[in-house]
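**Student:** Dropping a structure here in structure tokens format, bear with me for questions.
The values are calculated or read from the model by the stated rules, or taken from the named source; none is laboratory data. No experiment lies behind these values; they were computed from the predicted model shown. Note that we place each Cβ from the backbone using ideal geometry, even for glycine, and neighbour counts take in every protein chain shown. Protein only, heavy atoms only, side chains kept; ligands, DNA and RNA dropped before computing areas. Shrake-Rupley method; radii C 1.70, N 1.55, O 1.52, S 1.80 Å.
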Amino acid sequence: MFEPVADPSGLRILISNDDGINAPGIKVLERIARTLSKDVWVVAPETEQSAAGHSLTIRRPLRVRKVSSRRYAVDGTPTDAVLLGVNHVLKGKKPHLVLSGVNRGSNLGEDVTYSGTVAAAMEGTILGIPAIALSQFINHPHPVKWGTAEHWAPQVIRRLLAKGWSRNVLINVNFPDVIAASVTGIEITRQGKRKIGDEIMERKDPRGEPYVWIGAQRAEDRSTPGTDIEAVCRGAISITPLCFDLTHRGDMKALETAF
């Protein structure tokens, strides 16, 4: 277990994301982190890396650019950013907490397997650091309600830290598309069913060559109680503990009989 933390004011916090160093959500997360501790560092991708998943750059060199005091940009993936943040930028002064986000859009159901936001938190967890991914749900064409995440996140993070969680687990938090005062509660949920890729748009480029574009439409189940999707769509904050050990113990035993 990660040890519970009653007072986060002494923590060194590393922030990253997948929307890039200049994204509105990371500025929101900086303000959130500074309500917890003054020792806040930002190491994030230079450009947007949405849906990058847990990819690591190993076939080319990476550049780390100092943007300002305690703020750095990496020309790579969210995983690269956290890895270099811990082992390069903060070498010798390992952070005590990794926060990823706040993502522009939710990370629910199967989204977590593609999400660079979740991947940044996963990399922190693999490096032995408690990590939390935070995302703000959007219902287009509504404007992004950043104020909901900014209002509720400090309380959510404090309560999670005070409890502690398993070392092979990252925490995935999604805020609903309602104003802060309309949030219906904070709920512990499991992953729901939500798969992107049902919308494929076919077009031709200016030279007449065909191409396809994977759209944003998702097949999702908003009705199953206890899931992250159902909770967020009902106006609640969803908290899902995700384990990166993907081994299915039941099938291990079943398959052993075949060999």
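**Student:** Please report, to one decimal in angstroms, the Kirkwood hydrodynamic radius of the chain built from all distinct Cα-Cα pairs. Please list the in-between numbers first.
**Tutor:** On the way: mean 1/r = 0.0527 Å⁻¹.
Evaluated over the chain, this radius sits at 19.0 Å.
**Student:** To continue, here is another question. What shape does the range 12-95 take by its C-alpha gyration tensor, where a ≥ b ≥ c are the square roots of the eigenvalues and a/c under 1.5 counts as rounded, a/b above b/c as prolate, and the rest as oblate? Could the numbers behind the result be given before it?
**Tutor:** Working: a/c = 1.87, a/b = 1.31, b/c = 1.42.
Taking the square roots of the gyration eigenvalues as a ≥ b ≥ c, the range 12-95 is oblate.
**Student:** Still on this structure: Taking the Cα centre of the range 138-239 as origin and charging only Cβ (+1 Lys, Arg; -1 Asp, Glu), how large is the dipole, in debye to the nearest 20? Display every interim value, and only then the final one.
**Tutor:** Values: 15 positive and 12 negative charges, 81 e Å.
About 380 debye.
**Student:** Express the accessible area of the chain per residue in Å², computed with a 1.4 Å probe while the remaining protein chains stay in the model. Walk me through the intermediate numbers first.
**Tutor:** Numbers: 13270 Å² over 259 residues.
Solvent-accessible surface per residue comes out at 51 Å².
**Student:** Same structure again: Tell me what the chain gives for mean residue ellipticity at 222 nm when only DSSP H runs of n ≥ 4 count, each as -39,500 (n - 2.57), the sum divided by the residue total, rounded to 500 deg cm²/dmol.
**Tutor:** On the way: 7 runs with 65 residues, N = 259.
It comes out at -7000 deg cm²/dmol, rounded to the nearest 500.
**Student:** OK, next. For a quick check, take a GNM of the chain with Cα springs below 10 Å and name the residue from Pro24, Pro61, Pro206 with the largest mean-square fluctuation.
**Tutor:** Of Pro24, Pro61, Pro206, the Gaussian network model singles out Pro206 as fluctuating most.
**Student:** While we're on this one: Residues with amide H under 5 Å of Val42's amide H, sequence separation 5 or more or different chain, H placed in the peptide plane at 1.01 Å from N; which?
**Tutor:** Placed amide hydrogens put Ile15, Arg71, Tyr72 under 5 Å from Val42.
**Student:** Follow-up. Among Thr77, Thr227, Thr184, which one moves the most in a GNM of the chain with springs linking Cα atoms closer than 10 Å?
**Tutor:** For the chain, modelled as a Gaussian network with Cα springs under 10 Å, the answer is Thr184.
**Student:** Something else about it: If the chain between Asp251 and Thr35 were fully stretched, how many nm would it gain, using 0.36 nm times the residue separation less the Cα-Cα distance? Display every interim value, and only then the final one.
**Tutor:** Working: separation 216, 0.36 × 216 = 77.76 nm, distance 4.47 nm.
Computed gain between Asp251 and Thr35 is 73.3 nm.
**Student:** With labels modelled as points extended 7 Å from the Cα through the Cβ direction, what inter-label distance (nm, one decimal) is found for Ser68 paired with Ala258?
**Tutor:** 5.6
**Student:** Toward the positive end of the charge dipole of the chain, about the Cα centre and with charges on Cβ (Lys, Arg +1; Asp, Glu -1), which of His142, Tyr211, Ala131 goes farthest?
**Tutor:** The residue sitting farthest along the positive end of the dipole is Ala131.
**Student:** Trypsin sites (Lys or Arg not before Pro), restricted to the range 9-48: which are DSSP loop and have at most 16 other Cβ atoms within 10 Å?
**Tutor:** Here the trypsin sites (Lys or Arg not before Pro) that fit, given the DSSP loop and packing criteria, are Lys38.
**Student:** Taking the chain as a Gaussian network, where each spring joins two C-alpha atoms under 10 Å apart, which residue of Asn103, Asn174, Asn139 fluctuates the most?
**Tutor:** Asn139
**Student:** I'd like the carbon and sulfur percentage of the solvent accessible area for the chain, probe radius 1.4 Å, heavy atoms only, ligands and nucleic acids excluded. Don't jump to the answer; show the numbers that get you there.
**Tutor:** Numbers: 7170 of 13270 Å².
Reported share for carbon and sulfur atoms: 54 percent.
**Student:** Do you know the relative contact order of the range 1-57, to the nearest whole percent, from alpha carbon pairs under 8 angstrom that are 6+ apart? Walk me through the intermediate numbers first.
**Tutor:** Numbers: 66 pairs, mean separation 24.3, N = 57.
This gives 43 percent for the range 1-57.
**Student:** Karplus couplings for the range 9-20 from phi (6.51 cos²θ - 1.76 cosθ + 1.60, θ = phi - 60°), rounded to Hz, Gly and Pro as x?
**Tutor:** So the J values, rounded to whole Hz, are 4, x, 7, 9, 10, 9, 10, 8, 6, 10, 8, x.
**Student:** Name the residue farthest towards the positive end of the dipole of the chain from the options Thr247, Leu29, Thr77, assuming +1 on Cβ of Lys and Arg, -1 on Cβ of Asp and Glu, about the Cα centre.
**Tutor:** The Cα lying farthest towards the positive end belongs to Leu29.
**Student:** Follow-up. Once amide H atoms are built 1.01 Å from N in the peptide plane, which residues 5 or more positions from Leu97, or in another chain, come under 5 Å H to H?
**Tutor:** Excluding prolines and chain starts, which carry no amide H, the hits are Arg12, Leu14.
**Student:** So, with +1 on the Cβ of K and R and -1 on the Cβ of D and E, and no other charges, what is the size of the charge dipole of the chain about its Cα centre, to the nearest 20 debye? Don't jump to the answer; show the numbers that get you there.
**Tutor:** On the way: 33 positive and 28 negative charges, 194 e Å.
Taking the Cα centre of the chain as origin, the dipole is about 940 debye.
**Student:** Considering Cα pairs under 8 angstrom that are at least six residues apart, work out the relative contact order of the chain and quote it in whole percent. All intermediate terms of the calculation are to be shown ahead of the outcome.
**Tutor:** Values: 586 pairs, mean separation 47.9, N = 259.
Relative contact order for the chain comes out at 19 percent.
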